[in-house]
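Here's the structure we're looking at; comments come further down.
The values are calculated or read from the model by the stated rules, or taken from the named source; none is laboratory data. Because the structure is predicted, anything quoted here is derived from the model rather than measured. Every residue, glycine as well, gets a Cβ built from its backbone with ideal geometry; the counts of neighbours run over all protein chains shown.
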Amino acid sequence: MAIIDPLVFGQRVRHYRKAAKMTLDALGVKVSKPAPFLSLLENGKKEPKLGLINDLSIALGVDVSDLLSVTAPSRRAEMEVAIERAQRDQAYRDLGLPYLKASARLPDAALEHIVRLYEELRGRDAAAPFTRDEARAANAQLRAEMTERGNYFGEIESIAADAVRTIGYEGQGAMSKGDLNALAKHFGFKVIRTSDLPASVRSVTDMRNGRIFVHGRDSFDSKLLRSVILQTLGHFALGHPDAKDFAEFLRQRVEANYFAGAVLLPESAAVPYLREAKAERNLSIEDFKDRFFASYEMAGHRFTNLATEHLDLRTHFVRSDEQGIIWKAYANNGVPFPKNSAGAIEGQRLCREWGTRQAFTSEAKYTIHYQYTDTSAGTFWCATFVETKSEPASAITVGARFEDAKWFRGWNTDRRSASQCPDGDCCRTVSDAMAERWNGNSWPSVRPNSHVLAAMPVETVPGVDMVEIYEFLTRQDDAAFQ
């Protein structure tokens, strides 16, 4: 079942009830609910259960999909939803205004004014620089939720399963170009490959004409291209509104990525495959990626989605560069990732004894580096793949606790190291002898990074020049009608 927005759902129930010329009392008799309850439902203050949704669809004579649509049934309803959302926002509450009910007596023009003024207020707040610490704190909060859920989002699994079922893809073999185009068509889009896509983006969606533009260069990896298209479709499949702040932007990226993985490696096909591999004590991310023609990173991510929910395994995932700087990370097995004061993992440096860093100098650099690492939180096994084609090169690790290593290929590795980070004598602590020898006699010239002094993003979409995007869409639009 799709993710339900109570406000939009309530508006759609009201719309179809009035179209049927039915009172709340009359509808209540048909669905065995009192009118006050239905009033709360229509005002978005109650979330419906599956049984009630079915009863409402029968009583109103409409399909369930009509009630679950993510769009408001009219411009008026859309504005009423926007007004209600605005008044729940802290920026609106800070104005100290009394609650405004969008009753029928309030003209459409007044609603338009209020909605536009609020959007302008929100836009100015969003334009304020988002500091790196705030971004990392928002990310830490999101990671905590993912850990609590075992990185499993059942509601997104359902939406992805419905989508692949619609196009007849069963996860038996790689998703074809035809499957991908059929999925795009299912959501009302056509995929167009072009050579002049702006460098700051991986795709641009023309929602007015139902077109998704992606890179058409021969060098653009087909696995990456599929992921980009699916991630783009994920935003529409999940009904994402425009992100109002960086925290919401992060959440939407995580959810869209999840959707892409759930389509590319469907739960219905992936779980039996993984269960069989576990029974044979031969779980392998490399085999998993080959089975579904996915990238190693996508397969690693997807494994963490399913491992706890279906295999009773606690895992960790990390992607970092050669210097050990963490780009992405997830764990629900207690692995002691380094964290800053806000609890953020991304941007921190891994201990050089961990397999993720050892892999860069390993003789298994071009295959899979397996390793056990003793830490203050216990011993952890991991499998690391180094992506040498990316720039810069990055290492992708999936791991488990010592007692769960037996289920994985590579469990019998003899590579082992000990890490005391972040407790005890850290690998970044200079020895007394080295300090005495070089203190005051060295001066490193740091390679500058262009983003060092930049505040976190002020753009509508972080890192994207919207003028460039609109110019691109204008060129495409003009070309289509010549």
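Counting only residues that are buried (at least 17 other Cβ atoms within 10 Å of the Cβ), closer than 17 Å to Val64 by Cβ and either small (Gly, Ala, Ser) or under 38 Å from the mean Cα position of the chain (by Cα) (or both), the range 15-30 holds 3 of them. Considered as a group, the residues in the range 96-106 that are aliphatic (A, V, I, L, M) and exposed (fewer than 10 other Cβ atoms within 10 Å of the Cβ) include one that is farthest from Phe187 (Cα to Cα), and that residue is Leu97.
For Thr356, are the conditions met, namely being surrounded by fewer than 17 Cβ atoms within 10 Å (Cβ to Cβ), over 27 Å from Leu230 (Cα atoms) and at pLDDT below 95? Criteria not met by Thr356. Out of curiosity, is Ala405 of a type in the set (A, V, I, L, M) and not in a strand (DSSP E or B)? So Ala405 passes the test. Just one of the listed residues (Asp25, Asp66, Asp94) is at pLDDT 90 or above and among the acidic types (Asp, Glu), and it is Asp25.
Evaluate the range 230-244: report whether one residue or more is of a type in the set (Lys, Arg), in a loop (DSSP other than H, G, I, E, B) and over 17 Å from Gln476 (Cβ atoms). So far as the range 230-244 goes, yes, one or more of its residues are of a type in the set (Lys, Arg), in a loop (DSSP other than H, G, I, E, B) and over 17 Å from Gln476 (Cβ atoms). Checking each residue of the range 146-162 against the condition of being surrounded by 18 or more Cβ atoms within 10 Å (Cβ to Cβ), assigned to a helix (DSSP H, G or I) and without any contact (Cβ under 8 Å) to a residue 60 or more places away in the chain gives no match. A count restricted to the range 303-313 and to residues that are within 24 Å of Thr413 (Cα to Cα) and touching a helix residue (DSSP H, G or I) at 6+ places or on another chain (Cβ under 7 Å) stands at 3. Here Lys223 fulfils each of the conditions (1) more than 17 Å from Ala294 (Cα to Cα); (2) touching a residue at least 60 places away in the same chain (Cβ under 8 Å); (3) surrounded by 15 or more Cβ atoms within 10 Å (Cβ to Cβ) apart from (1). Screening Phe360, Phe385, Phe380, Phe317 for residues that are in contact with a strand residue (DSSP E or B) (Cβ under 7 Å, 6 or more places away or on another chain) and outside any strand (DSSP E or B) leaves exactly one candidate, Phe360.
Cβ-Cβ distances below 9 Å connect the following pairs, each with a first residue in the range 391-404 that is in contact (Cβ under 8 Å) with a residue 12 or more places away in the chain and of a type in the set (Phe, Trp, Tyr), a second residue that is outside any loop (DSSP other than H, G, I, E, B) and surrounded by 21 or more Cβ atoms within 10 Å (Cβ to Cβ), and a separation of six or more residues or different chains: Phe402/Phe380; Phe402/Trp381.
For Leu100, the conditions (1) touching a Phe, Trp or Tyr at 6+ places or on another chain (Cβ under 7 Å); (2) modelled with pLDDT under 90 are fulfilled apart from (1). When the range 62-92 is filtered for residues that are farther than 30 Å from Leu27 by Cα and surrounded by fewer than 12 Cβ atoms within 10 Å (Cβ to Cβ), only Gln90 remains. Does Lys289 satisfy the criteria of being closer than 17 Å to Phe408 by Cβ and modelled with pLDDT of 95 or more? No.
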